[in-house]
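A.B. asks: Structure below; questions to follow.
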Amino acid sequence: HGLLPPAFYHKTFMWPGWHSFEGAIRRAAGLGPARTQADPDRYDVQNGTCDVLVVGAGPAGLAAALEAARAGARVWLIEQDVDLGGSVLSEPQASAAEQNIWVVGAASSLESSPNVRVLLRTTCAGIYDHGVVAAVERLSDTVTGASPVLRERYWRIRAAEIVLATGAIEQPAVFAMNDLPGVMLAGSVRQYLNRYAVACGRRVAIVTSDDEAYRTALDLAAAGVTI
């Protein structure tokens, strides 16, 4: 710890160049030599068109997609997670029961609608002029079988209307040593606890500038974590 303070890695290996140290660092990290063979997997590119493209499948995105689908529009719904629900997935199971029922019903309606396409594990990478959206669909992140496999699909989507329902991004507090292990965003701690049943510590200090993190504190306390 004393020899490797935060940012040591980036400050030290800038000169004369990363490649001077790459071999030793890769061996120390257990990464081994970089592969020299060609990537055996395949990567696809496709085009798509729709009337309404909804980015984000939390409660707001699901509601927007449902309204557009019921109006007869051709709808595409993009979600980077493996499940629909967004923020509902981070709620305690007891308090989220009614929301979960609604999410399940909305998802079922969308998936059974002939004019709706749902893309999970898909990240919207950019929005450009004339309603053009770039998205990357991860098709086989967990595949461990024989290669080659279709690994990713790059989508060029042209949409008449785009709805951004991506939610908010939590901002970290800026202080010395804030990149040390154990320093986490409150929203991440809450998701670990409520979605995956993992407590990120037995004694937790929470620093916040708004009321959102109080929900994390209450959930941790209810799970027996000392705040």
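The values are calculated or read from the model by the stated rules, or taken from the named source; none is laboratory data. None of the values given here were measured: they were computed from a predicted structure. For neighbour counting, all protein chains shown are included, and Cβ atoms are generated from backbone atoms with ideal geometry for every residue, glycine included. Areas reflect the complete protein model, heavy atoms only, side chains present, ligands, DNA and RNA absent. Shrake-Rupley method; radii C 1.70, N 1.55, O 1.52, S 1.80 Å.
A.B. asks: When residues of the range 190-217 are filtered for being β-branched (Val, Ile, Thr) and touching a Leu at 6+ places or on another chain (Cβ under 7 Å), how many remain?
C.D. replies: Going through the range 190-217 one residue at a time, the tally reaches 1.
A.B. asks: Do we have ARG35 as among the basic types (Lys, Arg), at pLDDT below 85, over 26 Å from the mean Cα position of the chain (by Cα) and open to solvent by less than 90 Å² (accessible area, probe 1.4 Å) here? So that I can check it myself, show each step before the final result.
C.D. replies: On the way: among the basic types (Lys, Arg): yes; at pLDDT below 85: yes; over 26 Å from the mean Cα position of the chain (by Cα): yes; open to solvent by less than 90 Å² (accessible area, probe 1.4 Å): no.
Considered against the rule, which asks whether it is among the basic types (Lys, Arg), at pLDDT below 85, over 26 Å from the mean Cα position of the chain (by Cα) and open to solvent by less than 90 Å² (accessible area, probe 1.4 Å), ARG35 comes out as no.
A.B. asks: Considering only the range 171-189, I want to know if a residue exists there that is touching a residue at least 40 places away in the same chain (Cβ under 8 Å) and touching a helix residue (DSSP H, G or I) at 6+ places or on another chain (Cβ under 6 Å).
C.D. replies: Within the range 171-189, the first condition is being touching a residue at least 40 places away in the same chain (Cβ under 8 Å), and the residues that meet it are 177, 179-180, 187.
Checking which are touching a helix residue (DSSP H, G or I) at 6+ places or on another chain (Cβ under 6 Å) leaves us with none.
No - not one qualifying residue is present in the range 171-189.
A.B. asks: Give me the residue from the range 158-189 that is assigned to a loop (DSSP other than H, G, I, E, B) and within 15 Å of the chain's Cα centre (by Cα) and, out of that set, surrounded by the most Cβ atoms within 10 Å (Cβ to Cβ).
C.D. replies: ALA165
A.B. asks: Still on this structure, please answer the following. Please determine whether any residue of the range 190-206 is closer than 30 Å to ALA68 by Cα, of a type outside the set (A, V, I, L, M, F, W, C) and surrounded by 13 or more Cβ atoms within 10 Å (Cβ to Cβ). Show your work before the answer.
C.D. replies: The first filter runs over the range 190-206 and keeps only residues closer than 30 Å to ALA68 by Cα, leaving 191, 195.
Among the residues that remain, those that are also of a type outside the set (A, V, I, L, M, F, W, C) are: 191, 195.
This time we only want the ones that are surrounded by 13 or more Cβ atoms within 10 Å (Cβ to Cβ), so: 191, 195.
Looking for residues that are closer than 30 Å to ALA68 by Cα, of a type outside the set (A, V, I, L, M, F, W, C) and surrounded by 13 or more Cβ atoms within 10 Å (Cβ to Cβ), one finds at least one in the range 190-206, hence yes.
A.B. asks: Now for a separate question. If we keep just the residues of the range 208-225 that are under 20 Å from GLN171 (Cα atoms) and loosely packed, with under 11 Cβ neighbours inside 10 Å, which is modelled with the highest pLDDT?
C.D. replies: The residue in question is SER209.
A.B. asks: Go through the range 87-124 and count every residue that is among the small types (Gly, Ala, Ser), open to solvent by 30 Å² or more (accessible area, probe 1.4 Å) and either touching a residue at least 12 places away in the same chain (Cβ under 8 Å) or under 29 Å from ALA213 (Cβ atoms) (or both).
C.D. replies: Selection size over the range 87-124: 5.
A.B. asks: Going through the range 10-50 one residue at a time, which ones are closer than 19 Å to PRO148 by Cβ and touching a residue at least 24 places away in the same chain (Cβ under 8 Å)? Talk me through it step by step, then tell me what you get.
C.D. replies: Of the residues in the range 10-50, the ones closer than 19 Å to PRO148 by Cβ are 35-46.
Scanning the range 10-50 gives PRO40, ASP41, ARG42, TYR43, ASP44, VAL45, GLN46.
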